[in-house]
Amino acid sequence: MTQWTQICALTDIAPDTGVCALHQGEQVALFRLGQTEQVFAIGNYDPIGRANVLSRGIVGSIGERYVVASPLYKQHFDLATGECLEDDAVTVKAYPVRIAAGQVELAQGAALSV
Amino acid sequence: MSKKRVVVVGNGMVGHNFINTLATSEHSSEFDIITFSEEPRLAYDRVQLSKYFSGSSAEDLALTTESDYQSQGVIYTLNDKVVEINAHEKTVTTASGRKEGYDKLVLATGSYPFVPPIPGKDQPHCLVYRTIEDLEAISAAAKVSKTGVVVGGGLLGLEAANALKAAGLETHVVEFAPRLMAVQLDESGGKLLRRKIESLGVQVHTEKNTKEIVAGEECRYRMNFVDGTFLETDMILFSAGIRPQDELARQFNLEIGERGGIVINDYCQTSADDIYAIGECALWDNKIYGLVAPGYAMAKVTAGHIVSQLVTHEPATSAFQGADMSTKLKLLGVEVASIGDAHGRTAGSHSYVFSDDVTEVYKRLVVSEDGKKLLGAVLVGDSEAYGTLLQLMLNDMDIPGNPAALILPAMDGQEAVGLGVSSLPDTAQICSCFDVSKGDISEAVQGGCCTMGDIKSATQASTGCGGCTALVKQVMDAELEALGVEVNTDICEHFAYTRVELADIVRVQEYTTFQQVLEGHGKGHGCEICKPALGSILASFNNEYILKDEHIGLQDTNDIFLGNMQKDGTYSIVPRIAAGEITPEKLIVLGEIGRDYDLYTKITGGQRIDLFGAQLHQLPEIWKKLVDAGFETGHAYGKSLRTVKSCVGSTWCRYGLLDSVSMAVALEDRYKGLRSPHKIKFGVSGCTRECAEAQSKDIGVIATEKGWNLYVCGNGGMRPRHADLFATELDDETLVRYIDRVLMFYIRTADRLQRTSVWLENLEGGLDYLKQVVIDDKLAIADELENGMTKVVGTYQCEWKTTIESPEKMKRFQHYINADAADDNLLYVRERGQRRPATDVERIELVDLNSGK
Ligand code: SRM
Ligand SMILES: Cc1cc2nc3c(=O)[nH]c(=O)nc-3n(C[C@H](O)[C@H](O)[C@H](O)COP(=O)(O)OP(=O)(O)OC[C@H]3O[C@@H](n4cnc5c(N)ncnc54)[C@H](O)[C@@H]3O)c2cc1C
Ligand code: SF4
Ligand code: FES
């Protein structure tokens with residue numbers, strides 16, 4: 001059975017923004033959509049800008065996909081899958097994440113493979 | 001069969017146009033084309049020559065390249081003048097001794113500037129304005145001159161004056177005739193043009209006949225006039241008209257007109273059948289055409305005639321029938337246009353005149369005796385109607401309704417009378433430079449063109465003098481509309497509005513959050529385009545704390561942490577140092593912080609100090625120290641007021657006329673925190689020496705003996721633009737009032753990320769309109785604009801102060817939400833005593849070192 005690690009309270013993430021979590025030695029960017037309980041988790045490292053910054057990008061949508069725009073050079077990453085919309089060859093990890101009792105939790109073990 | 005040889009003497013605009021026509025025609029393989037140029041380069045755009053002063057290079061102006069000619073098989077020789085024609089042997093010989101045989105010879109030798117025979121005219125800084133080399137000489141002379149005179153107040157002379165003015169010289173125009181542009185304008189039009197040009201600081205002297213040029217006392221030269229007066233200047237530009245370059249034809253007995261020019265017939269043939277003359281050297285029906293479009297028409301006729309004689313042996317299909325000499329220009333920012341019979345010389349013609357002394361507009365229409373046809377027009381100050389009027393005349397259309405309506409300004413609620421482009425016949429010539437008809441443009445649109453760029457490359461329309469641009473766009477838009485194509489100006493997929501429309505919506509609906517706007521007018525969840533744009537609009541009108549929960553997600557990368565993100569994800573810190581004035585105590589505080597946090601420290605180009613390399617978790621601590629020491633945020637991250645650059649001014653400087661530092665501090669204090677479509681920069685100088693470079697700023701203020709001069713919409717950066725003089729000799733209060741209005745009007749009506757310079761260039765009506773809105777309050781919104789500004793000024797808060805006082809907000813300033821550690825990906829090396837991010841190569845070495853330990 002999946003084990004979950006508590007990261008922070010949902011309310012620690014301002015609506016439509018991200019934060020960065022340290023999880024199993026990796027930097028994970030967590031995003032919260034508006035005032036909702038919908039939360040996404042992808043790697044914090046921007047492979048194009050080559051810095052740990054994705055959690056500080058602007059959250060939005062393109063068509064039906066939820067995305068974050070990298071704060072450095074504005075490429076979009078799909079929040080659900082980690083895919084870069086501008087460059088097929090680039091992907092960041094996507095992590096399983098859930099809300100339990102108002103807390104944001106990340107799964108222990110391997111990252112989602114996409 | 002051997003190829004026919006066509007030799008073209010002169011590779012100017014028209015010579016090149018001829019070559020291009022022949023080389024791209026279906027018969028091109030029948031010809032060897034050989035051309036000689038006296039200039040060191042192939043043809044370039046002489047019409048746009050003045051752009052050389054605003055940064056266009058010789059390459060930008062080039063009409064072709066050597067490799068283009070090579071691939072077209074055109075044989076060219078540069079820097080070699082043709083000095084001999086032998087019409088019997090059919091050869092030409094050049095100065096370097098080269099001889100070429102021809103089947104057909106085309107003279108396209110253009111013209112040369114006329115320099116009146118004034119004693120002293122041949123001195124070093126007495127120049128003309130025709131070639132790129134001339135411009136280089138002018139630039140060099142301008143650098144060592146303070147004052148410049150242009151001799152000649154015609155079209156070209158005023159363009160030359162513009163160039164001198166732009167080079168920062170005190171500029172004079174000396175004209176022999178009693179008015180400017182005597183050929184194109186009537187008396188009242190010329191008078192108004194003069195008034196306008198003088199108000200821009202160019203001094204005009206009419207009815208002056210120069211007797212001699214001698215050494216000056218204050219300046220390099222003194223021009224003595226026949227009437228006993230004189231003028232001192234450091235350089236002189238002659239622009240007293242052009243003369244056809246007919247030297248060759250004269251020597252070899254071709255027929256020449258009484259006042260010069262190579263006589264040609266309707267097929268552009270000279271008195272020798274196999275020799276043609278085209279462009280400015282040619283005299284047709286006793287007329288020399290000093291414009292490029294007629295030259296191009298001649299080139300077309302000549303190419304057709306040569307093909308018909310040498311290849312198809314059928315009669316030529318086209319003949320030269322004269323050309324229209326209407327012109328429209330923007331001189332020193334003043335709109336001027338002249339159409340057809342501007343002086344009303346046609347027998348029985350009537351005139352309609354509209355003259356408005358307040359807005360300085362003069363318009364005259366010349367119509368036929370029966371009032372049905374337009375014969376000519378003069379427009380000064382407002383040439384919007386040029387396209388419409390020109391089309392009416394060229395197509396011999398009946399004037400719709402009362403002719404007066406064509407020049408009367410639109411009254412409230414009533415559309416200005418125009419001529420729908422739909423009423424033009426398909427044959428109507430829209431671009432005269434390249435002979436592009438309405439039908440050609442429609443065809444291009446049907447073939448898939450949907451932007452001006454597309455149209456330009458498909459038809460060449462509007463790539464010459466540019467006078468037809470507005471009309472080309474109208475035709476394109478009308479055609480697109482007819483095809484049912486919508487021109488999309490939406491800001492992004494979430495809002496079907498422009499930034500200006502969104503700003504109106506927010507203002508009128510009194511929205512305070514992005515969510516309200518999205519629910520009312522948008523779809524989806526927003527993106528990095530519409531969110532910051534609306535964030536900025538909301539802030540401009542409501543000025544709430546930008547990190548409030550409902551606004552935080554809207555802020556651009558830099559605003560969201562109130563610092564500029566650097567390449568490695570750390571931030572820079574730029575406290576406000578208003579006007580660049582700082583006490584030693586405060587300097588020490590900055591020094592201590594820089595030292596204690598090991599921040600890379602640099603003086604910026606904006607007269608303040610930037611501390612680089614602070615990590616997220618360090619920002620609040622550092623800012624707390626800064627706020628305690630009396631610093632405020634410098635908004636280096638915001639699309640908002642950046643800096644007000646100052647010079648030391650009258651308090652210390654021996655030349656200072658007013659206290660520029662105090663004014664700069666006051667202005668920076670007033671507008672700090674104002675969110676706008678793009679960043680805004682000011683400069684305030686204490687005198688005309690302009691040490692604060694105010695004329696390169698969005699708002700520039702320069703002290704004079706009688707008050708402040710206000711300049712608007714300058715820009716440094718990627719596309720520099722000199723600011724325009726907006727108002728003069730203002731007192732402190734009026735100055736601030738005008739700035740309030742200009743800025744608020746900009747905020748309301750500019751596009752997203754549009755600096756004031758681009759905004760003004762796109763503002764319909766331009767500077768004059770902006771003056772009407774701000775100074776004359778034409779739209780009756782001045783109070784509202786001022787109130788908007790008062791509200792922003794009254795609700796200012798230092799965002800950093802508010803942030804460090806809120807424990808809730810401080811939480812966001814840590815790298816991890818669930819750990820105290822710092823980002824482990826940051827690596828630095830030391831250079832000149834400070835640290836900087838390691839480069840990729842250095843990173844590999846550094847990481848190896850660390851792991852090897
Ligand atoms: C620090 C500084 C360079 C320096 O070391 O001197 C600088 C640094 C940056 N400039 Fe600049 N500009 C700086 C003075 C200027 C100036 C000179 C001036 O203001 O007198 C100009 C030309 C003047 C003008 O803007 O008209 C200038 C024209 C630009 C432009 C081009 C704007 C344009 O209209 O073409 C950009 C890009 C933009 O804004 O889109 C830019 C953007 C930037 C950014 C914000 C790029 C970025 O997003 O990372 C740089 C980051 C600043 C930081 O991290 O703190 N910077 N930049 C100067 C800060 C001045 C200050 O105290 O605030
Ligand atoms: C600053 C400026 C602004 C202008 N603005 C406009 C405008 O807005 N609209 C407009 O319609 N027109 C404008 N004109 C006029 C326009 O540039 C001319 O009408 C056009 O260049 C004429 O072309 P051309 O080929 O006849 O002559 P040119 O372009 O002068 O070319 C003639 C060429 O022949 C060369 N040549 C001469 N004799 C010999 C020889 N014996 N052997 C070899 N080479 C020789 C010359 O060196 C020159 O390179 C402007 C001109 C100037 C200078
Ligand atoms: S602009 Fe004038 S007042 Fe200001 S420092 Fe320069 S010389 Fe002095
Ligand atoms: S009329 Fe000159 S570019 Fe079209």
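The values are calculated or read from the model by the stated rules, or taken from the named source; none is laboratory data. Since we're looking at a predicted model, the values are computed, not measured. Neighbour counts run over all protein chains shown; Cβ positions are idealised from the backbone, glycine included.
Return a yes/no flag: does the stretch B:514-529 have any residue that is acidic (Asp, Glu), within 14 Å of another protein chain (Cβ to nearest Cβ) and either in contact with a strand residue (DSSP E or B) (Cβ under 8 Å, 6 or more places away or on another chain) or assigned to a loop (DSSP other than H, G, I, E, B) (or both). Give the derivation first.
So in the stretch B:514-529, the residues acidic (Asp, Glu) come out as B:519, B:528.
Filter once more, so that each one left must be within 14 Å of another protein chain (Cβ to nearest Cβ): B:519, B:528.
Still in the list and also either in contact with a strand residue (DSSP E or B) (Cβ under 8 Å, 6 or more places away or on another chain) or assigned to a loop (DSSP other than H, G, I, E, B) (or both): B:528.
Yes, the stretch B:514-529 has at least one match.
Keeping to the stretch B:273-290, report how many residues are among the β-branched types (Val, Ile, Thr) and modelled with pLDDT under 95. Even if it seems obvious, please write down each step before you answer.
Taking the stretch B:273-290 as the starting set, the residues that turn out to be among the β-branched types (Val, Ile, Thr) are B:275, B:278, B:288.
Next, only the ones that are modelled with pLDDT under 95 stay: B:288.
Number satisfying all stated conditions: 1.
Starting from the stretch B:648-665, take each residue that is within 16 Å of residue B:710 (Cβ to Cβ) and without any contact (Cβ under 8 Å) to a residue 12 or more places away in the chain and list its partners that are of a type outside the set (Ser, Thr, Tyr) and not in a helix (DSSP H, G or I), counting only C-beta distances under 9 angstrom and pairs at least six apart or across chains.
Cβ pairs passing all conditions: none.
Is it the case, given these coordinates, that residue B:690 is away from ligand 4 (no atom under 16 Å from the Cβ) and not in a loop (DSSP other than H, G, I, E, B)?
When the stated conditions are applied, residue B:690 does not pass them.
Anything in the stretch B:577-621 that is of a type in the set (A, V, I, L, M), away from every other protein chain (no Cβ under 14 Å) and more than 14 Å from ligand 1 (Cβ to nearest atom)? List them, or say none.
B:587, B:588, B:589, B:593
Out of all the residues in the stretch B:184-237, which are of a type in the set (S, T, N, Q), at pLDDT 90 or above and surrounded by fewer than 21 Cβ atoms within 10 Å (Cβ to Cβ)? Spell out the reasoning first.
Taking the stretch B:184-237 first, the residues of a type in the set (S, T, N, Q) are B:184, B:188, B:199, B:203, B:206, B:209-210, B:224, B:229, B:233.
Filter again for at pLDDT 90 or above, leaving B:203, B:206, B:209-210, B:224, B:229, B:233.
Listed by number, the residues that qualify are B:203, B:206, B:209, B:224, B:229.
Yes/no matrix, rows are residues, columns are (1) within 14 Å of chain A (Cβ to nearest Cβ); (2) under 25 Å from residue B:742 (Cβ atoms); (3) surrounded by 14 or more Cβ atoms within 10 Å (Cβ to Cβ):
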{"site": "B:775", "(1), (2), (3)": "no, yes, yes"}
{"site": "B:780", "(1), (2), (3)": "no, yes, no"}
{"site": "B:785", "(1), (2), (3)": "no, yes, yes"}
{"site": "B:807", "(1), (2), (3)": "yes, no, no"}
{"site": "B:812", "(1), (2), (3)": "yes, no, yes"}
{"site": "B:821", "(1), (2), (3)": "yes, no, no"}
{"site": "B:834", "(1), (2), (3)": "no, no, yes"}
{"site": "B:841", "(1), (2), (3)": "yes, no, no"}
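Conditions tested, residue by residue: (1) more than 16 Å from ligand 1 (Cβ to nearest atom); (2) of a type in the set (Ser, Thr, Tyr); (3) in contact (Cβ under 8 Å) with a residue 24 or more places away in the chain.
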residue: B:24; (1), (2), (3): yes, yes, yes
residue: B:33; (1), (2), (3): yes, no, yes
residue: B:47; (1), (2), (3): yes, no, yes
residue: B:52; (1), (2), (3): yes, yes, yes
residue: B:75; (1), (2), (3): yes, no, yes
residue: B:91; (1), (2), (3): yes, yes, no
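Return the residue satisfying two criteria in turn: it lies in the stretch B:565-621 and is among the charged types (D, E, K, R) and within 35 Å of the chain's Cα centre (by Cα), and of such residues it is surrounded by the fewest Cβ atoms within 10 Å (Cβ to Cβ).
Residues of the stretch B:565-621 that are among the charged types (D, E, K, R), as a first pass: B:567-568, B:576, B:581, B:585-586, B:592, B:595-596, B:598, B:602, B:608, B:610, B:621.
Retained after the next criterion (residues that are within 35 Å of the chain's Cα centre (by Cα)): B:567, B:576, B:581, B:602, B:608, B:610.
Details: B:567: 12, B:576: 23, B:581: 15, B:602: 14, B:608: 22, B:610: 20.
The selected residue is B:567.
Kindly indicate whether any position in the stretch B:372-380 is in contact (Cβ under 8 Å) with a residue 40 or more places away in the chain, surrounded by 24 or more Cβ atoms within 10 Å (Cβ to Cβ), in a helix (DSSP H, G or I) and of a type in the set (Gly, Ala, Ser).
no
Could you say which residue among A:11, A:91, A:2 is of a type outside the set (Phe, Trp, Tyr), more than 10 Å from the chain's Cα centre (by Cα) and within 12 Å of chain B (Cβ to nearest Cβ)?
Residue meeting the stated conditions: A:11.
Identify, please: which residue in the stretch B:19-47 is assigned to a helix (DSSP H, G or I) and of a type outside the set (Ser, Thr, Tyr) and is, among those, surrounded by the most Cβ atoms within 10 Å (Cβ to Cβ)?
It comes out as B:19.
For residues that are crowded, with 19+ Cβ neighbours inside 10 Å and aliphatic (A, V, I, L, M), scanning just the stretch B:653-672, find the one that is farthest from ligand 2 (Cβ to nearest atom).
For the stretch B:653-672, the residue satisfying everything is B:661.
Of everything in the stretch B:688-715, what is surrounded by fewer than 24 Cβ atoms within 10 Å (Cβ to Cβ) and more than 16 Å from ligand 3 (Cβ to nearest atom)? Give them in sequence order.
Selection gives B:715 alone.
Test residue B:755 against the stated conditions and say whether it is within 20 Å of residue B:672 (Cβ to Cβ), under 20 Å from the mean Cα position of the chain (by Cα) and charged (D, E, K, R).
For residue B:755, the condition - within 20 Å of residue B:672 (Cβ to Cβ), under 20 Å from the mean Cα position of the chain (by Cα) and charged (D, E, K, R) - is met.
Within the stretch B:465-510, how many residues are within 16 Å of ligand 4 (Cβ to nearest atom), closer than 17 Å to residue B:428 by Cβ and not hydrophobic (A, V, I, L, M, F, W, C)?
The qualifying residues number 4.
If I ask for residues that are at positive phi, facing chain B (nearest Cβ under 9 Å) and out of contact with any Asp or Glu (no Cβ under 9 Å at 6 or more places or on another chain), which ones from the stretch A:14-65 would you list?
Within the stretch A:14-65, just A:16 meets the criteria.
Quick test of your reading of the structure: residue B:178 fulfils all but one of (1) assigned to a loop (DSSP other than H, G, I, E, B); (2) surrounded by fewer than 17 Cβ atoms within 10 Å (Cβ to Cβ); (3) over 24 Å from the mean Cα position of the chain (by Cα); (4) at pLDDT below 90. Name the failing condition by number.
(4)
When you check residue A:64 against the structure, is it free of Cβ contacts under 8 Å to residues at least 12 places away in the same chain and surrounded by fewer than 18 Cβ atoms within 10 Å (Cβ to Cβ), yes or no?
yes
Do we find a residue being at pLDDT 90 or above and within 14 Å of another protein chain (Cβ to nearest Cβ) anywhere in the stretch B:492-504?
Yes - at least one qualifying residue is present in the stretch B:492-504.
Kindly establish whether residue B:675 is within 24 Å of residue B:794 (Cβ to Cβ), more than 16 Å from ligand 4 (Cβ to nearest atom) and surrounded by fewer than 21 Cβ atoms within 10 Å (Cβ to Cβ). Quick ask: steps written out before the conclusion?
Values: within 24 Å of residue B:794 (Cβ to Cβ): yes; more than 16 Å from ligand 4 (Cβ to nearest atom): yes; surrounded by fewer than 21 Cβ atoms within 10 Å (Cβ to Cβ): no.
Spelling it out, it is not the case that residue B:675 is within 24 Å of residue B:794 (Cβ to Cβ), more than 16 Å from ligand 4 (Cβ to nearest atom) and surrounded by fewer than 21 Cβ atoms within 10 Å (Cβ to Cβ).
Residues that are on the phi > 0 side of the Ramachandran plot, at least 1 per element: which helices (runs of 4 or more DSSP H) completely within the stretch B:756-853 meet that?
Details: elements: B:756-762, B:766-774, B:782-794, B:799-804, B:807-810, B:840-852.
Fully inside the stretch B:756-853 and qualifying: B:766-774.
I want to confirm something. Restricting to the stretch B:653-682 and keeping residues that are near ligand 3 (Cβ under 8 Å from one of its atoms) and more than 23 Å from residue B:722 (Cα to Cα), which single residue is nearest to the other protein chains (Cβ to nearest Cβ)?
Only one residue fits best here, namely B:653.
Quick one: how many residues across the stretch B:534-557 are assigned to a helix (DSSP H, G or I) and either without any contact (Cβ under 8 Å) to a residue 24 or more places away in the chain or within 8 Å of another protein chain (Cβ to nearest Cβ) (or both)? I'd like the intermediate steps shown before the answer.
Step one: list which residues in the stretch B:534-557 are assigned to a helix (DSSP H, G or I), which gives B:534-542, B:549-552, B:557.
If we keep only those that are either without any contact (Cβ under 8 Å) to a residue 24 or more places away in the chain or within 8 Å of another protein chain (Cβ to nearest Cβ) (or both) too, we end up with B:549-550, B:552, B:557.
Result for the stretch B:534-557: 4.
Can you name every residue in the stretch B:274-301 that is more than 12 Å from ligand 2 (Cβ to nearest atom) and in a helix (DSSP H, G or I)?
B:300, B:301
Please indicate, with yes or no, whether at least one residue in the stretch B:56-66 is more than 16 Å from ligand 3 (Cβ to nearest atom), part of a helix (DSSP H, G or I) and without any contact (Cβ under 8 Å) to a residue 12 or more places away in the chain.
yes
Quick one: which residue in B:613, B:638 is within 17 Å of residue B:574 (Cβ to Cβ), modelled with pLDDT under 95 and of a type in the set (Gly, Ala, Ser)?
Going through B:613, B:638 in turn, the sole match is B:638.
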